[in-house]
Structures are given as structure tokens and as C-alpha cells.
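Comments concern the structure below.
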Amino acid sequence: MGSGKTYWGRLLSEKLILPFFDLDSLISTTEQKTISTIFAESGEEFFRYKEKEVMEEIVNDHDQFILSCGGGTPCFFNNIEFMKKHGTVIWLNTSVNVLKNRLLNERATRPLIKTIGDTDLKNYIIRKLGERRMYYEQADHTINEENASLHSIIQSLNG
């Protein structure tokens with residue numbers, strides 16, 4: 001949530017000449033609704049199921065690609081295991097303060113933080129990162145997003 005997955009994913013796909021997919025955009029297109037509307041009408045559980053379904057379709061339809069998934073994607077339905085089995089997983093580790101600053105103006109499009117006030121947003125981010133850390137730490141590569149460059153990400157992948 002706000003770590004730069006879509007930004008870096010697009011750059012990486014252009015550099016490596018691989019197709020790029022944004023999981024939220026695909027779900028929104030498939031359902032013909034915004035992510036906020038999907039959450040409001042069908043709930044988070046439905047959305048998480050759609051994430052898994054669409055991610056599996058991408059894997060089945062493409063040999064190589066770059067996928068930007070939501071921050072919660074690896075935390076449901078054993079998705080982290082599926083992701084690691086079918087690709088290389090990168091965790092863009094971003095500081096709480098940077099995430100807060102990025103998310104302050106994006107609340108309307110992010111259903112999990114839509115109603116959280118400015119002063120509570122930082123605590124929410126800290127709590128969510130705490131809940132998700134055990135999944136994120138299973139990534140094949142961890143990149144400090146604030147110091148990242150396309151070159152450093154590619155170097156990390158080539159190991």
C-alpha cells in the first residue's frame with residue numbers, strides 16, 4: 001500500500017521487455033467497478049478471492065511477466081507460497097513516514113484507509129505492516145524502496 005509497486009513494476013517491465021500487470025487494475029476491469037466499489041458492495045473477502053483468481057489466470061496465461069499486486073495479496077489464501085512457486089517475489093520495504101505521506105492524498109481510492117483520519121493513518125500503517133511482515137519477509141528479495149533505482153533492483157534480481 002503505497003510502496004511503489006506499480007511505479008517500479010512498470011519501469012522494470014519496460015527495461016526487461018516483459019508484460020506488466022497491475023492486479024488491482026485487472027480486477028477493476030474484470031468486475032467493471034472501482035476497487036472501492038468492490039469493497040463497499042461485496043466486501044474484502046470477495047476482493048481477496050478475486051485477487052487470487054486473477055493472479056492464477058495471469059500465471060496460467062503467461063510464461064514471464066511483472067505483476068504489481070496489492071499490499072495484502074501475499075497475506076491471503078497462501079498467495080505468498082503461490083507467488084514464490086511461480087516467480088520471484090520482491091518486497092519493496094518502505095518506511096512508515098514515506099508511506100503515510102504518499103497515502104494521505106490517496107485515501108479516496110484506497111478502501112482500507114478511506115475513513116482513517118490524518119492522525120490515525122500512521123498508527124494504521126504501523127499495525128498493517130506488523131500484521132503483514134511475516135508474509136513480506138518471505139519474499140525472495142527485499143529492496144529498500146527509498147534508495148532504490150532500476151539498476152539496483154535489476155542487480156538484486158541477478159544476485
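Rule-based calculations on the coordinates, nothing more; no lab input. This one's a predicted model, so the numbers in the text were calculated from it and none came from an experiment. All Cβ positions, glycine included, derive from the backbone under ideal geometry; neighbour counts span all protein chains shown.
Considering only 11, 47, 72, and ranking their Cα positions along the charge dipole of the stretch 1-90 that arises from unit charges at the beta-carbon of Lys, Arg, Asp and Glu, the one farthest toward the positive end is 11.
With both labels modelled 7 Å from their Cα along Cα-to-Cβ, the residue 53 to residue 149 distance reads 4.3 nm. The phi-based Karplus calculation (6.51 cos²θ - 1.76 cosθ + 1.60; θ = phi - 60°) puts the 3J(HN,Hα) values of the stretch 142-150 at 10, 10, 6, 4, 5, 10, 6, 9, 4 Hz, whole numbers, x for Gly and Pro. Put a plus charge on the Cβ of each Lys and Arg, a minus charge on the Cβ of each Asp and Glu, and nothing anywhere else: the dipole of the stretch 5-146 about its Cα centre is then about 500 debye. If you take the Cα centroid of the stretch 1-59 and the Cα centroid of the stretch 68-102, the two points sit 12 Å apart.
Please work out whether the chain counts as rounded, prolate or oblate from its C-alpha gyration tensor, where a ≥ b ≥ c are the square roots of the eigenvalues and a/c under 1.5 means rounded, while otherwise a/b larger than b/c means prolate and anything else oblate? It is oblate, given that a/c is not under 1.5 and a/b is not larger than b/c.
Annotation: extensible slack from residue 37 through residue 60 equals 5.5 nm (criterion: 0.36 nm per residue apart, minus Cα-Cα distance).
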